[in-house]
Amino acid sequence: MVSINRLKIRHLHTLVAVAEQGTLMRAAEVLSVTQPAVSKTLADLEQIVGQRLFERTPKGLKLTSAGRVLLRYAGSGLRAIREGLDSISDERTVDAPALLIGALPNVAATILPPALLRFAADLPHARVTVRTGSNAQLIAALHQGALDLVIGRLAEPSAMQALTFEHLYTEPLVLAVRPAHALARRRRITADTLSRYRLVLPDAGTQIREAADRFFLASGMGLAKETIETIDVSFGRSYVLQSDAVWCVPLGVVEDDLSEGALVRLALDTRMTEGPVGLTQRVDRSPSEAMSRLVQEIRQRALERLNAPPLT
């Protein structure tokens, strides 16, 4: 029998931090404590529950089956406490629905803003928090109960346990450059020509980076050597506008820039990089009325996007 009286909030914070960061050192940095303190708190928690919560792997710490179960409840519990504290700090927000949405940068730049505008017109007092990050980071936060919904790419099968995915549309990666770039007006670009320029790529290990690498390998260019890795949209745009670098990025991120002429899409067929974008939710949590209304707005905006004429 687990002695819940011994369980402290710091135990839950440590569990979540180690699960997110994958190592004791990075978890300590996030929690602003020492690594021995994290190790001791984690050992205390495992003693309290009577089971191992993590196992060591060459890539870091990995949750055990018991750890995955406890993490779902720990994340939800910490979030409930935060929402409670937020509510009593402002009496006007006590009855306002609170939604936490995770979105990839390409979604955050396209279908989510108009969906939230329509949603806010119906529920002006709703509190919506939008967090961006890599697909893996967002899916992990959804598992932990730190998010209600993720709008992004379909995760790997191993990460979809207790989750559902609803397909909305398919989106490719594109190669974009500044208008004055030497490649901007070329109708035919070879792998050899492209290899002369530095590439701005998604972070290594992400699904979109793997799609990009497959594209470059298939084109005969091989894996890029001179690269800048980032999923930060502001940095990527600024860097490309100030250099001759080529930005490999989801279409949604640069859609407005392309239509306004701030960036130019290179004449390369990138259809092989297309990936499904959709809604991922937890199967053990019924959506609230507010969440159901927001999901409906997101679906409608995605449908409008599908019916819109393609960008050239």
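Each reported figure results from applying straightforward, stated rules to the coordinates on display, with no laboratory input. Owing to the predicted nature of the structure, the values given are computational and were not obtained by experimental measurement. Cβ sites come from the backbone with ideal geometry, for glycine too, and all protein chains shown count toward neighbours.
Excluding residue 235 itself, calculate the net charge of residues whose Cβ lies under 13 Å from the Cβ of residue 235, where each Lys or Arg counts +1 and each Asp or Glu counts -1.
Within the 13 Å Cβ shell, the charges total -2.
Once the cut-off is 27 Å, how many percent of the Cα-Cα pairs in the chain end up in the long-distance tail? The calculated P(r) of the chain puts 51 percent of pairs beyond 27 Å.
For the range 188-223, state which trypsin sites (Lys or Arg not before Pro) are in a DSSP loop and have at most 15 other beta carbons lying within 10 Å of their beta carbon. If you can, show how the numbers build up before the last one.
On the way: sites: 188, 196, 198, 209, 214; in loops: 188, 196, 198.
Within the range 188-223, the qualifying trypsin sites (Lys or Arg not before Pro) (loop, at most 15 other Cβ atoms within 10 Å) are 188, 196.
For residue 228, the amide hydrogen comes within under 5 Å of the amide hydrogens of 199, 200, 201, counting only partners 5 or more places away or on other chains and with H modelled in the peptide plane.
Applying the criteria of a DSSP loop state and at most 13 other Cβ atoms within 10 Å to the GluC sites (Glu not before Pro) of the range 185-244 yields 226. Between helix 251-260 and the chain there is an angle of about 40 degrees, using the helix long axis and the longest principal axis of the Cα atoms. For the range 64-72, putting each phi into the Karplus relation 6.51 cos²θ - 1.76 cosθ + 1.60 with θ = phi - 60° gives couplings of 7, 4, 5, x, 5, 5, 5, 4, 4 Hz, in residue order, rounded to whole numbers and with x for Gly and Pro. Under a GNM of the chain (C-alpha, springs under 10 Å), which listed residue has the highest mean-square fluctuation: 27, 43, 302? In the Gaussian network model the winner is 43. If R0 equals 45 Å, the separation of the Cβ atoms of residue 182 and residue 156 corresponds to a calculated FRET efficiency of about 0.75. Give me log10 I(q)/I(0) at q = 0.16, 0.18, 0.21 Å⁻¹ for the range 166-312, Debye formula, one equal scatterer per alpha-carbon, no solvent. Debye intensities relative to I(0), on a log10 scale: -0.90, -1.08, -1.36.
The fewest-to-most ranking of 125, 13 by surrounding Cβ atoms within 10 Å reads 125, 13. Karplus-derived 3J(HN,Hα) values for the range 292-309, using 6.51 cos²θ - 1.76 cosθ + 1.60 with θ = phi - 60°, are 4, 5, 5, 4, 5, 5, 5, 4, 5, 5, 5, 5, 4, 5, 5, 8, 6, x Hz; glycine and proline are entered as x. For residue 217, the shell of other residues with beta-carbons less than 14 Å away shows a net charge of +1, using +1 for Lys and Arg and -1 for Asp and Glu. The label-point distance for residue 165 and residue 303, in a model that sets each label 7 Å from Cα toward Cβ, rounds to 2.3 nm. The label-point distance for residue 51 and residue 239, in a model that sets each label 7 Å from Cα toward Cβ, rounds to 4.2 nm. Near residue 44, within a Cβ-to-Cβ distance under 10 Å, what is the net charge of the other residues, with Lys and Arg +1 and Asp and Glu -1? Here the charged neighbours net out to +3.
Between residue 23 and residue 292, full extension at 0.36 nm per residue minus the direct alpha carbon distance yields a gain of 93.2 nm.
Ordering 46, 304, 260 by the number of other Cβ atoms within 10 Å of each residue's own Cβ, fewest first, gives 260, 304, 46.
Output the antiparallel fraction of DSSP beta bridges having both residues in the chain, as a percent to the nearest 5.
Working: 22 of 36 bridges.
If I count the DSSP bridges inside the chain, around 60 percent turn out antiparallel.
Looking at the range 1-57, the trypsin sites (Lys or Arg not before Pro) that sit in a DSSP loop and have at most 12 other Cβ atoms within 10 Å of their own Cβ are 52.
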